[in-house]
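Visitor: Questions regarding the structure given below will be posed in turn.
Rule-based calculations on the coordinates, nothing more; no lab input. Keep in mind the model is a prediction, meaning the values are calculated, not measured. With ideal geometry, Cβ positions are generated from the backbone for all residues, glycine too; neighbour counts draw on all protein chains shown.
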Amino acid sequence: MTETDQTRGEEPGGWLRAVAVSAYGPTLLGSTGAGAVSPIIAVSARDLGASVGVAALLVAAVGVGQLVGDLPSGALAARIGERRALLVAAVVEAVGMLVAALAGSLAVLFVGVFVIGLAGSLFGLARQAYLTEAVPVAMRARALSTLGGVHRIGYFIGPFIGALVVARWGIESAYLVGGIASVCAFVLVLLAPDITAATHHVATGAAPLSVASVLMRHRYVLLTLGTGAMSVAGARAIREALVPLWAESVGFSPAQTSLVFGVAGALDMALFYPSGWLMDRFGRVAAAVPSMVVLGLGMMLLPLATTLVAVTAAATVLGVGNGLGAGLIMTLGADASPDDARAQFLGGWRLCADVGRAAGPLALSALTAIMSLGASSVVLGAGALVGAGWLRVWVPRHDPTVRRT
């Protein structure tokens with residue numbers, strides 16, 4: 001631990017003040033911009049003449065960009081450093097927003113949205129590595145869960161800002177909100193002090209290790225603990241798709257569905273700091289296992305809910321499960337990442353999570369093709385419980401808070 005880390009470790013609020021501007025500020029701006037754009041992509045595609053299916057593919061382009069960008073982002077961050085990677089990500093995202101705003105065809109819109117996804121991958125990896133370097137291990141989970149909470153807050157307020165500007169200036173203005181947020185994030189990172197300068201080693205005599213060599217060296221961790229991260233990400237993505245689908249299947253209006261999601265989301269956001277405190281105080285497994293158990297039980301209970309109150313209660317259970325795991329994937333990745341190749345490892349780690357995030361809704365879609373939505377929910381809930389057992393086995397083996405004899 002560096003002298004800077006030791007100083008922060010003495011006062012719990014010290015690290016928070018140090019990273020508030022340099023890490024949380026840009027995250028809030030970036031996620032607010034992304035939140036403003038997220039509901040508009042499909043609308044933009046439809047406005048350009050896309051069918052519903054093609055519009056869905058355009059929305060998926062963000063996730064495709066993130067998947068494609070995970071490993072290159074690790075290589076770039078290792079070469080230029082986390083702070084510079086944040087600056088590059090902000091610029092790339094602003095360019096993607098501008099391209100999407102000016103798109104006159106579906107092909108150009110796809111390019112813009114894909115670039116936004118690439119930038120999101122680089123930004124997410126860089127800020128995770130940045131905080132991992134800057135914050136002492138004893139406070140790592142709180143720092144990263146707060147990062148996740150700030151990200152969720154931005155995504156929560158972004159659509160409201162987007163709705164206001166779209167109502168006044170049209171669809172393209174949402175992308176301009178995203179572009180402005182990216183530029184502001186760039187300025188904030190540029191002006192903020194580099195709190196990792198004492199520990200980061202960039203452009204030394206030796207070239208950074210290749211991503212492939214790092215992933216091969218740590219393949220056992222990625223295949224075991226990484227599978228756990230994949231299951232967590234998959235369960236979260238299933239929740240986001242399952243609740244509105246179930247609400248629609250029992251006859252709720254769009255307004256009622258939004259209300260259900262809003263109530264559950266509010267509780268979800270409120271739990272991010274308690275989740276981090278729990279992981280720092282009692283170990284990572286204290287949040288990992290309960291989070292997946294509650295998510296699994298919530299999925300299994302959802303088919304029993306047919307009224308507005310009951311569906312809201314089930315969605316709230318799922319929100320609690322999601323909130324208990326705030327920052328979990330980032331924390332587990334930070335714990336397992338090697339000091340000499342952190343960015344490269346985190347590129348592979350984020351790829352595991354993004355694969356799980358993409359696979360979750362696909363699993364839901366596949367199951368609903370052969371059974372009812374309610375039965376699919378029960379099966380996926382059971383899968384989440386299996387994931388909880390997997391985490392119980394593998395998380396303690398990489399937990400720095402666990403005392404080993």
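Visitor: Gap in Å between the Cα centre of the stretch 224-292 and the Cα centre of the stretch 46-95?
Guide: Measuring centre to centre over Cα atoms gives 24 Å.
Visitor: Could you work out the relative contact order of the chain? I mean the mean sequence separation of Cα pairs under 8 Å and 6+ apart, divided by the number of residues, in percent.
Guide: Once divided by the residue count of the chain, the mean separation gives 24 percent.
Visitor: Among M230, M216, M279, what is the fewest-to-most ranking by other Cβ atoms within 10 Å? The partial results should precede the final answer.
Guide: Working: M230 23, M216 11, M279 30.
Result, fewest neighbours first: M216, M230, M279.
Visitor: Now, a different point. Spelling out what I want: for every residue of the stretch 142-152, take phi, set θ = phi - 60°, compute 6.51 cos²θ - 1.76 cosθ + 1.60 (Karplus), and round to whole Hz; glycine and proline get x.
Guide: Taking θ as phi minus 60°, the curve returns 5, 5, 6, 5, 5, 4, x, x, 4, 4, 5 Hz for the stretch 142-152.
Visitor: For the chain, with a Gaussian network of springs between Cα atoms less than 10 Å apart, report the residue from A126, A103, A85 with the top mean-square fluctuation.
Guide: A103
Visitor: Name the long-range amide H neighbours of F252: under 5 Å, sequence gap of 5 or more, or other chain; modelled H, no Pro or chain starts.
Guide: none
Visitor: At a Förster distance of 25 Å, what's the computed FRET efficiency of R168 paired with V52, Cβ-Cβ distance as r, to 0.05?
Guide: The computed FRET efficiency comes out at 0.40.
Visitor: Here is a follow-up. In a GNM of the chain with a 10 Å cut-off on Cα contacts, which of G53, G154, G389 has the highest mean-square fluctuation?
Guide: Of G53, G154, G389, the Gaussian network model singles out G53 as fluctuating most.
Visitor: Under a 10 Å cutoff between Cα atoms, tell me which one of V37, V189, V113 has the largest fluctuation in the Gaussian network model of the chain.
Guide: Comparing V37, V189, V113 in a Gaussian network model of the chain, the most mobile one is V189.
Visitor: Quick check on the stretch 259-332: what are the equivalent-ellipsoid semi-axes from the Cα gyration tensor, as sqrt(5λ), descending, whole Å?
Guide: 24, 13, 7
Visitor: Each residue of the stretch 243-260 in order: what ³J(HN,Hα) in whole Hz does its phi give by Karplus 6.51 cos²θ - 1.76 cosθ + 1.60, θ = phi - 60°, with x for Gly and Pro?
Guide: Coupling constants for the stretch 243-260: 4, x, 5, 5, 4, 5, 5, 9, x, 6, 6, x, 5, 5, 4, 4, 5, 4 Hz.
Visitor: Given only helices, namely DSSP H runs of n ≥ 4 each adding -39500 (n - 2.57), what is the per-residue ellipticity at 222 nm of the chain, to the nearest 500 deg cm²/dmol?
Guide: -27000 deg cm²/dmol
Visitor: Tell me which label goes with the value of mean projected area of the Cα convex hull in nm² computed from the coordinates here: [x] 35.8; [y] 75.7; [z] 19.6.
Guide: The calculated read-out lines up with [z].
Visitor: Can you put H151, H218, H398 in order of Cβ neighbours within 10 angstrom, beginning with the fewest?
Guide: Working: H151 24, H218 20, H398 17.
Placing the least packed residue first, the sequence is H398, H218, H151.
Visitor: Which longest run of the chain has no exposed loop site in it, a site being trypsin sites (Lys or Arg not before Pro) in a DSSP loop with at most 14 other beta carbons within 10 Å, and the site itself not part of the run?
Guide: Value returned for the longest uninterrupted segment is 1-402.
Visitor: Separate question: If I take all pairs of Cα atoms in the stretch 208-405, what percentage of them are more than 27 Å from each other?
Guide: Roughly 31 percent, once rounded to a whole number.
Visitor: With a 10 Å Cβ neighbour count serving as the proxy for reagent exposure, in which order, fewest first, do Y273, Y24, Y220, Y130 appear?
Guide: Ranking Y273, Y24, Y220, Y130 by Cβ neighbours within 10 Å, fewest first, gives Y220, Y273, Y24, Y130.
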